[in-house]
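Written out below as structure tokens is the structure these notes cover.
Each value in this text was obtained by applying a stated rule to the coordinates, not by laboratory testing. In this text the structure is predicted, and so the values were computed from the model without any measurement. So basically every Cβ, Gly included, is an ideal-geometry build from the backbone, and we count neighbours across all protein chains shown.
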Amino acid sequence: MTTSAPQSMTNPALAALQDIKLPEPVPFWPPAPGYWLLLIVSVLALAGLFLWCKRRFQARAAQRAALSLLAALDRHAPDYASRVNGLLKRAALSYLPRTSVASLDGEAWSDWLDSALTQTKRGQLGPLLAKRHRPEPLAEDESLALSELAHTWLKTALPKIKTRASKPAKHEKSVPGQSTVDVQQNAPQNAPQEAKC
């Protein structure tokens, strides 16, 4: 029997073939321009998110302080309704100019507070706050209801109120050194803006 020679030796076309040359591996550095763009966009997005969170945290500082003060109040104290009323007024003054909120009292104040509550809770806060003028303390169920309503108002109304840094409305003129806020969106339609104490 005869042995056959390897096929590469008998076929000259196969003998001329060379091994496959792989391309050089892509270097890690410097990255492609698309990666630079993605990095820049990511850094800007993170910086924007950080600034947004910081502003939100600072804007809610008065709200957090008011909620902690409300929780610290003694519900059995004879002046509990008066203290809650003062706390709500101070919290509102933290977000609005003094000229917009300080003059509200009585029914106008109650209507303004109610405008931030849901429809089911409206009309309850005012009568409870009006009992601050009587000498006897609130009943247990009344003080609990007042506490819950005040807590709800502080949680839902304050973030919606425009801050002092807001730009003046189109129909208002800006006075240098004095910030203005359009309170018409926050006050009920039937509440007079300059109610007397």
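A few remarks follow.
- Two-decimal Rg to Rh for the stretch 68-125 - Kirkwood Rh, Cα set: 0.98
- Projected area, mean over directions - the stretch 1-93, Cα convex hull, nm²: 17.7
- Label-point separation in nm, L93 to V43, each point 7 Å along Cα→Cβ: 4.6
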